[in-house]
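Worksheet: the structure to be examined is printed underneath.
The values are calculated or read from the model by the stated rules, or taken from the named source; none is laboratory data. Everything quoted here is computed from the prediction, not taken from an experiment. Counting neighbours? That spans all protein chains shown, and the Cβs are built from the backbone with ideal geometry, glycine included. Calculation scope for accessible area: heavy atoms of the full protein, side chains included, ligands and nucleic acids excluded. Shrake-Rupley method; radii C 1.70, N 1.55, O 1.52, S 1.80 Å.
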Amino acid sequence: MDAFLVSTGIVGLAEIGDKTQLLALLLATRLRRPLPIVLGILVATLLNHAFSAAAGVLVGELLGPVAVRWLLGLSFLGIAIWTVLQNLPHAGEREEPPLGRHGVFLATALAFFIAEMGDKTQVATVALAARYEPMAAVVAGTTLGMMLANVPLVYAGGRIAGRAALAIAHGIAALVFAAAGIATLLGAGGLAGA
């Protein structure tokens, strides 16, 4: 149960203001078809996080518990920094999602799968799967975290998309990740691993 709950919380926080969450908001405001968008997010996340968790299990088996504790702690600190950096303006950001002629579901699934590659939630999934068992609980938790962060945005659309609200959310998420990283490195709680 720890793997599921920790994975849900970590990825749910990591997703706040993330590029895939902004992609969900953009798709929702442009396409106005929430159900196929939500289903596309679900399928893309399940596939991406299953792949990531499998990689994490392999990393965990190769490194051992002490190295995994350090990997997880440093990953949390890295995610905290990444979260802060996301709040900075980026020149030349792409505003349009890669849509195409295959419908809202397929466009969303493809866009999310690609956007999630190398993303902080994917990195978190790898690190969590390296630490926790069973892998299915990690994938279920990370997927639930993604859905909890994205589904409300899809259904609420542009009504809740304020830049100031995202900046505050990024700051809070960065603090939580920094605290989790430090606690993990110091061997606190169930995140210690050794």
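So here's what we get for this one:
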{"read-out": "Accessible heavy-atom area order of THR8, THR29, THR121, highest first, probe of 1.4 Å", "value": "THR29, THR8, THR121"}
{"read-out": "P(r) of region 1-47 over all Cα-Cα pairs, binned every 10 Å from zero, in whole percent", "value": "24, 47, 25, 4"}
{"read-out": "FRET efficiency for ALA67 and LEU39, using Cβ-Cβ distance with R0 set to 30 Å, rounded to 0.05", "value": "0.20"}
{"read-out": "Accessible surface of MET117 - all protein chains present, 1.4 Å probe, nearest 10 Å²", "value": "90"}
